[in-house]
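Remarks on the structure that follows.
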Amino acid sequence: MKIDRLIGILSVLLQEEKTTAPELAERFEVSRRTINRDIEDLCKAGIPIRTAQGTGGGISIIDGYRMDRTILTSKDMQMILAGLRSLDSVSGSSYYGQLMEKIQAGSSEFITGRDSILIDLSSWYRESLAPKIETIQDAIGDRYLIKFRYYAPSGESERTVEPYYLVFRWSSWYLWGWCLKRKDFRLFKLNRMDKVQKTEKIFECREVAMPDLSNEKIFPGGIKVKALFEPDQKWRLVEEFGPSCFTENDGRLLFTADYTDMDNLITWIMTFGDKAEVLEPIEAREKIALMVQRMTTIYKEDAAL
């Protein structure tokens, strides 16, 4: 894209004393004529660029205009590259990789040291996430409706949505958009979306507020939980709720927290097997006891076969 190339050329000129049209043409894989037109466009945009012909000549920004390099420190550039690298981990194209090359090409002396932050946003689902993210990004940019099949605890449904934001939160990717079926803004989890397609229908962008992604808004609590855990499960409690979620209690860990959904609570507790005992709420305790009875029956029947 031309705007990306112009930004790349400006980055090179800000970081280097002088360059040449052939060097820029080779770096950005375009003709010298294209580079000359880009230089003219930068001049029209108010960037005071000087060109000199012959031996020792080249392209540079006039003295006195050069941006102070302390505006962006080496650490700043490392953070920018870390962010781009994290987006590249879920990208279905080479865009972010090319953008990193442009920045590094113009800042090779400015970026020092080894990478200290490595972020992979794709988790286990890169192959399925990347095409969804790319499709949704294109639809957001072009203002096209998207459609997909959505799998929710309440069942499956076909949705058509005005896409506005891609969100990475709680270790997962989400889409924030206006659902035509619900006539309201909704947060959709990408891993529950199937057959994501960009339609040919353009939508008129409505007033849209940033989604409130606070834990209090998404997970309002309401279910007071008390449970006892075996000491060897301390690492899981710390990982998922932090070290202040429990106290020592006669050799076991007394866990207290607020939960939003009873079914999710029971599912979570069951992942601990016999390493956990729910004390409150009584409803959860009774449902787990009934579930264990049913499981015992199933496995006894299997053993008899």
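Points to keep in mind about this one:
- When the GluC sites (Glu not before Pro) in the range 166-208 are filtered for DSSP coil states and for at most 11 other beta-carbon atoms within 10 Å of their beta-carbon, the remaining sites are GLU204, GLU207.
- Within the same chain, lysines fewer than 8 places from LYS44 are excluded, and of the rest, those with a Cα less than 29 Å from its Cα are LYS2, LYS18, LYS102.
- Neighbour cut-off at most 16 other Cβ (10 Å), DSSP loop, chymotrypsin sites (Phe, Trp or Tyr not before Pro), the range 162-218: TRP170
- Extension gain, LYS2 back to ASN249 (0.36 nm per residue minus Cα-Cα distance, nm): 82.4 nm
- Once C-alpha pairs closer than 8 Å and six or more residues apart are averaged by separation and normalised to the residue number of the range 166-287, the relative contact order reads 21 percent.
- Across the range 17-31, coupling constants 3J(HN,Hα) worked out from phi with the 6.51/-1.76/1.60 Karplus curve, θ = phi - 60°, read 5, 7, 9, 10, 4, x, 5, 5, 4, 5, 5, 9, 6, 9, 7 Hz, and Gly and Pro carry x.
- Radius, Kirkwood style, for the range 126-212 when every pair of distinct Cα atoms is counted (Å): 13.0
- For GLU26 and GLU240, a Förster radius of 35 Å and the Cβ-Cβ distance give a FRET efficiency of 0.10, rounded to the nearest 0.05.
- Spin-label model, MET295/THR55: points 7 Å from Cα along the beta carbon direction are separated by 8.5 nm.
- For the pair ARG186 and SER171 in one chain, pulling the backbone fully straight at 0.36 nm per residue adds 3.6 nm over the alpha carbon distance.
- Here the peptides 130-139, 15-24 are ranked by packing, the mean other Cβ count within 10 Å, and the order with the highest first is 130-139, 15-24.
- Beyond 26 Å in Cα-Cα separation lie the following of the pairs LYS189/LYS234; LYS224/LYS287; LYS234/LYS300: LYS189/LYS234; LYS234/LYS300.
FYI, it's all coordinate maths here, none of it is from the lab. Being a predicted model, the structure only gives us computed values, none of them experimental. Methodologically, a virtual Cβ is constructed for each residue, glycine included, from the backbone with ideal geometry; neighbour enumeration extends over all protein chains shown.
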